[in-house]
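**Student:** The structure that follows is given in the form of structure tokens.
The values are calculated or read from the model by the stated rules, or taken from the named source; none is laboratory data. Quantities reported herein were computed from a predicted structural model and do not represent experimental measurements. Cβ placement follows ideal geometry from the backbone for every residue including glycine, while neighbour counts extend to all protein chains displayed.
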Amino acid sequence: MTNPNKYRLRRTMMFLNCQKPGLIKDPYIYKPDSIMLDLEDAVAEREKDAARYSLYHALQEIDYRGVERVVRINGLDTDLWREDVRCAVAGGCDSIRIPKTETADDVRTVEYAIAEAEREFRRPEGSVLLMAALESARGVINAMSICDSSERLFGIALSGGDYSKDLQISISGTGVEFMGARQHMIIAARAAKVQCFDTVWTNLNDMAGFRKEVEIIHSMGFDGKSIVNPRQIPVVHEIYTPKEKDIIFAEKVIKEIDQKKAMGIGVFTVDGKMIDIAFYDGAKRTIALAKASGVYKGDL
Amino acid sequence: MINAVGRDIPDEILEITGKEPFQGNFYLDDKPMTKVGPTIRPIMNNKKSKLVASIREALIKCEAHDGMTVSFHHHFRDGDLIVNMVMKEIHDMGFKDITICATSLGKAHDPLVPMIEDGTITRIESSGVRGRIGEAISQGKLQGLAIMRSHGGRVRALTTGEAHVDIAFIGAPTSDDYGNLRGIGGKADCGVLSYAIVDGNHADHCVAITDCLVPYPNFPAHISQTKVDYVCVVDEIGVPSKIASGAAKPTTDQRKLLMAQYCTDVVVNTPWFKDGFSYQTGVGGASIASTQYLAEIMRDRNIHMGFGVGGLTKAMCQLLDDGMARVMLDVQDFDLDAVHNLKNVNHHRIPAGVYANPLNKGAVVNKLDYVVLASLEVDVHFNCNVVVGSDGMITGAQGGHPDTAQGAKCAIVICPLLQGRIPAICTDVTTVTTPGESIDVVVTDYGVAVNPARQDILQALREADCVPLRTIEELRDTAYSIVGEPDKVEFEDRIVGIIEARDGTIIDVVRQIKEIKQPAVYKKKGRRRANG
């Protein structure tokens, strides 16, 4: 059975350093959809064990009020990641993010360790989901097979910093250097029916640039964006919140399709637009997004 | 005797002070009262000069004596040099048993502690004390009682004669040789002299201290020559950078910004937010951010502020300059922008009594729609504590908190749920300084609680569905679930201070803090350092 959380709403995933208890104690007050509790790059090498200790107790003790708790483990090229997985699974995390994923085998290696930890800590099999961060040209090229690698995998994310280094370019702020990767990844993700997330925007003083980038990735079809500061959350949620006219239209589409289906009619018009069953899922998604964003109070 | 906020005010304290326990906000409304005036020495002789060569000379001429009360204002904030300068002279002259009646005392006045210890200063009346003086009072070093009263309460006390000042020392950025005082035009401008105006009216003697003597007449005077006995010129009265310390960069702290957003949402979704509304806010990061958010919405909806009041900041003065506010009423300036903004013809100085005295014929605070305040602690009865830290140590000031909270139609307190490991929303505040009946809304980072007495506000916010509404008990429970319920702070029996309500009744008492027995290892270290 598919984990019911696999396709949950993930517009924002906020990075939080596990080394800093003050950061991980109550990030839910900013209402991100997911938080990403980091054991990897943000944590100093000699603080890795302390970060795991904080992570375990935070997962055990803190009620994150429905915010998804994703743990970023250390890379498979380190001797840290296996213990990271045990700690995260024992603590009760919802998902694990694999950094620097390059192949489907990377995902399966971690999946195996997760399954082992689930047995060890008596968690239901399949309760921990997975996502893969693609941080290299090879990882991006292999996006399709990575997306198909595991039933646990709910999505892939572009990690722009490392990817740009691998591509031997610098980040321009225009997004031109990520065009290929973004387009390739979103197509692969949709083909495999998993989600796709965009990289972080680190210049907190350029909120206009951030907004522009979120508008672009939203229109490209990304499910959400990685976030480094709470102030970015409302911007993403606003852009991902369906507009009133879209909600009204989606509502009509769903109701009409339900009604016309019963009457045996396949194609009809709503507000002058030709509508058929192909519109159904899109309209449902709009309503689901509107509900999650708190702007839909209807009965659908 | 148990007062209206449930605090036990011992009979002996009521006896010593001649005061009543707090009986509710409107206890003295419409009750007859008599004002008292000072005993002054008229200056009819036109040959007499008011200039004195030194503070010592002023003290002698004003008949300084043991047991006298001297007063000061706090417009120079942490940059104040006057209090220490005058008290050093009083100390050097050997006077004892002095009462300081200040509008506020802060860290700048730490040097007074040895004078408390040696009996020079035996009583302190202030809107609060920060820094080492607060610690000294809490440790029981002050021989007499400390009396904490709000800005409005201080004017009331001087007007009714409950407090009497023998010599008022008024630091003035500029003065002429006949004692016309202004808050601007000098080396250490503080903009207004609002808190000191009552001292000019009610002290027996009044000494102006300035570092910038200007030609007569220094007009328009903020305090008139008719109130001033002597003028003393000194090298320096204040440190400008510390006077304008409110001019901080806008906060980037997301927690404060979140609370600011909630606060603005509360304001714009309650019935008084319409053209001509009135508003007061403080100097904290969340308050200033909230004013900026509010300004955006005012522009969008074309709503103008009728008047803003209070300690003013750049954010508030900007509204005036942009035509978004009609009038600013100024009792204190927190930054240089506010000082410079006094040039605006709609930016008016008002005396502290006009601002907040509860026992005049109606203060400006009574006309407030909104006030945005902070608090160290808020309890489930909505009582606030802005004076005593959760460790039992006196560490803050009432300022205008009780005055504006009572006056405003919608008093909003912004308070993070946790102050480090201390729950700021709790079952009972350490000390009640503003009664819960004055507080309408509490904004925290975990949600917003509305006083159940204000069903109108609750209804408006429910309908607007703009902020996460919680009960105050839910907020308290959340706080306790995160950091646990702390044990009560332990105090000695001795009462070191009283907290006056606005009307002069006693709302709470402050007891001496119990010394925490330190482990021997620290004591040893201390001794070694002292010997070495």
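**Student:** Please go through (1) touching a strand residue (DSSP E or B) at 6+ places or on another chain (Cβ under 9 Å); (2) crowded, with 21+ Cβ neighbours inside 10 Å for B:Asn357 and return the number of the only condition it doesn't satisfy.
**Tutor:** Result: B:Asn357 fails condition (1) only.
**Student:** Give the residues of the range B:7-64 that are part of a loop (DSSP other than H, G, I, E, B), surrounded by 12 or more Cβ atoms within 10 Å (Cβ to Cβ) and over 27 Å from the mean Cα position of the chain (by Cα), sorted by residue number.
**Tutor:** Hits for the range B:7-64 are B:Ile40, B:Ile43, B:Lys50, B:Ser54, B:Cys62, B:Glu63, B:Ala64.
**Student:** Across the range A:1-30, what is the total count of residues that are touching a residue at least 40 places away in the same chain (Cβ under 8 Å) and closer than 18 Å to A:Asp84 by Cβ?
**Tutor:** Total meeting the criteria: 3.
**Student:** Here is a follow-up. Name every residue in the range A:236-279 that is of a type in the set (Gly, Ala, Ser) and surrounded by 12 or more Cβ atoms within 10 Å (Cβ to Cβ), in order of residue number.
**Tutor:** Within the range A:236-279, just A:Ala250 meets the criteria.
**Student:** Contact list please: Cβ distance under 6 Å, first residue in the range A:197-211 and within 14 Å of chain B (Cβ to nearest Cβ), second residue part of a loop (DSSP other than H, G, I, E, B) and polar (S, T, N, Q), pairs at least six apart or on different chains.
**Tutor:** A:Leu204/A:Asn229
**Student:** Would you mention how many residues in the range B:157-188 are under 15 Å from B:Val331 (Cα atoms) and surrounded by fewer than 24 Cβ atoms within 10 Å (Cβ to Cβ)?
**Tutor:** Number satisfying all stated conditions: 1.
**Student:** Okay, next question. Which residue is surrounded by the fewest Cβ atoms within 10 Å (Cβ to Cβ), if the candidates are limited to the range B:421-447 and must be closer than 21 Å to B:Tyr262 by Cα and of a type in the set (A, V, I, L, M)?
**Tutor:** B:Ala424
**Student:** Another question about this same structure. List the pairs whose first member sits in the range B:140-158 and is assigned by TED's automatic domain parsing to the domain that holds B:Asp97, whose second member is in a helix (DSSP H, G or I) and among the β-branched types (Val, Ile, Thr), and whose Cβ atoms are under 6 Å apart, counting only residues at least 6 apart or on separate chains?
**Tutor:** As it stands, the answer is B:Lys141/B:Ile116; B:Leu142/B:Ile116; B:Ala146/B:Ile137; B:Val155/B:Val198; B:Leu158/B:Val198, since those pairs meet every condition given.
**Student:** Quick one: which residue in A:Ile227, A:Ile233 is touching a residue at least 12 places away in the same chain (Cβ under 8 Å), touching a Pro at 6+ places or on another chain (Cβ under 8 Å), within 14 Å of chain B (Cβ to nearest Cβ) and closer than 18 Å to A:Arg97 by Cα? I'd like the intermediate steps shown before the answer.
**Tutor:** Details: A:Ile233 fails: closer than 18 Å to A:Arg97 by Cα.
When all the criteria are applied, what remains is A:Ile227.
**Student:** Taking the options B:Val450, B:Val386, B:Val413, B:Val467, name whichever one is over 30 Å from B:His73 (Cα atoms) and either surrounded by 24 or more Cβ atoms within 10 Å (Cβ to Cβ) or more than 14 Å from every other protein chain (Cβ to nearest Cβ) (or both). Quick ask: steps written out before the conclusion?
**Tutor:** Working: B:Val386 fails: over 30 Å from B:His73 (Cα atoms); B:Val413 fails: over 30 Å from B:His73 (Cα atoms); B:Val467 fails: either surrounded by 24 or more Cβ atoms within 10 Å (Cβ to Cβ) or more than 14 Å from every other protein chain (Cβ to nearest Cβ) (or both).
On inspection, the qualifying residue turns out to be B:Val450.
**Student:** Determine whether the range B:306-316 contains at least one residue that is more than 30 Å from B:Leu59 (Cα to Cα), touching a residue at least 40 places away in the same chain (Cβ under 8 Å) and within 14 Å of chain A (Cβ to nearest Cβ).
**Tutor:** The answer is no; no qualifying residue exists.
**Student:** Output the residues belonging to the range B:224-270 that are touching a Ser or Thr at 6+ places or on another chain (Cβ under 8 Å), within 18 Å of B:Cys212 (Cα to Cα) and not aliphatic (A, V, I, L, M).
**Tutor:** Answer for the range B:224-270, where residues must be touching a Ser or Thr at 6+ places or on another chain (Cβ under 8 Å), within 18 Å of B:Cys212 (Cα to Cα) and not aliphatic (A, V, I, L, M): just B:Cys232.
**Student:** Can you tell me which residue is surrounded by the most Cβ atoms within 10 Å (Cβ to Cβ) among those in the range A:148-195 that are more than 17 Å from the chain's Cα centre (by Cα) and of a type in the set (A, V, I, L, M, F, W, C)?
**Tutor:** Across the range A:148-195, the extreme among qualifying residues is A:Phe178.
**Student:** If you don't mind, there's one more thing I want to ask. Taking the range A:217-273 on its own, how many of its residues are touching a strand residue (DSSP E or B) at 6+ places or on another chain (Cβ under 8 Å), more than 22 Å from A:Leu289 (Cα to Cα) and part of a helix (DSSP H, G or I)?
**Tutor:** Counting residues in the range A:217-273 that are touching a strand residue (DSSP E or B) at 6+ places or on another chain (Cβ under 8 Å), more than 22 Å from A:Leu289 (Cα to Cα) and part of a helix (DSSP H, G or I) gives 1.
**Student:** Something else now. Restrict the check to the range A:238-254 and report whether at least one residue is within 30 Å of B:Leu257 (Cα to Cα), touching a residue at least 60 places away in the same chain (Cβ under 8 Å) and either over 30 Å from the mean Cα position of the chain (by Cα) or within 14 Å of chain B (Cβ to nearest Cβ) (or both).
**Tutor:** Taking every residue of the range A:238-254 in turn, none turns out to be within 30 Å of B:Leu257 (Cα to Cα), touching a residue at least 60 places away in the same chain (Cβ under 8 Å) and either over 30 Å from the mean Cα position of the chain (by Cα) or within 14 Å of chain B (Cβ to nearest Cβ) (or both).
**Student:** Determine which member of the set B:Thr264, B:Thr210 is crowded, with 24+ Cβ neighbours inside 10 Å, touching a strand residue (DSSP E or B) at 6+ places or on another chain (Cβ under 6 Å) and free of Cβ contacts under 8 Å to residues at least 40 places away in the same chain. Give the steps one after another, and end with the answer.
**Tutor:** Values: B:Thr264 fails: touching a strand residue (DSSP E or B) at 6+ places or on another chain (Cβ under 6 Å).
From the options B:Thr264, B:Thr210, the qualifying one is B:Thr210.
**Student:** Can you report the number of residues in the range A:140-175 which are part of a loop (DSSP other than H, G, I, E, B) and either closer than 18 Å to A:Thr103 by Cα or touching a His at 6+ places or on another chain (Cβ under 6 Å) (or both)?
**Tutor:** 8
**Student:** While we're on this one: Quick check: anything in the range B:339-346 out of contact with any strand residue (DSSP E or B) (no Cβ under 9 Å at 6 or more places or on another chain) and either touching a residue at least 60 places away in the same chain (Cβ under 8 Å) or under 19 Å from B:Ile197 (Cα atoms) (or both)?
**Tutor:** no
**Student:** If you don't mind, another one. Quick test for you: out of B:Leu418, B:Leu458, pick the one residue that is surrounded by fewer than 23 Cβ atoms within 10 Å (Cβ to Cβ) and either touching a residue at least 40 places away in the same chain (Cβ under 8 Å) or within 14 Å of chain A (Cβ to nearest Cβ) (or both).
**Tutor:** Result: B:Leu418 is the single residue among B:Leu418, B:Leu458 that is surrounded by fewer than 23 Cβ atoms within 10 Å (Cβ to Cβ) and either touching a residue at least 40 places away in the same chain (Cβ under 8 Å) or within 14 Å of chain A (Cβ to nearest Cβ) (or both).
**Student:** Now, a different point. Looking only at helices (runs of 4 or more DSSP H) that lie completely in the range B:191-280, which have at least 2 residues being under 26 Å from B:Gly308 (Cα atoms) and within 14 Å of chain A (Cβ to nearest Cβ)?
**Tutor:** B:254-268
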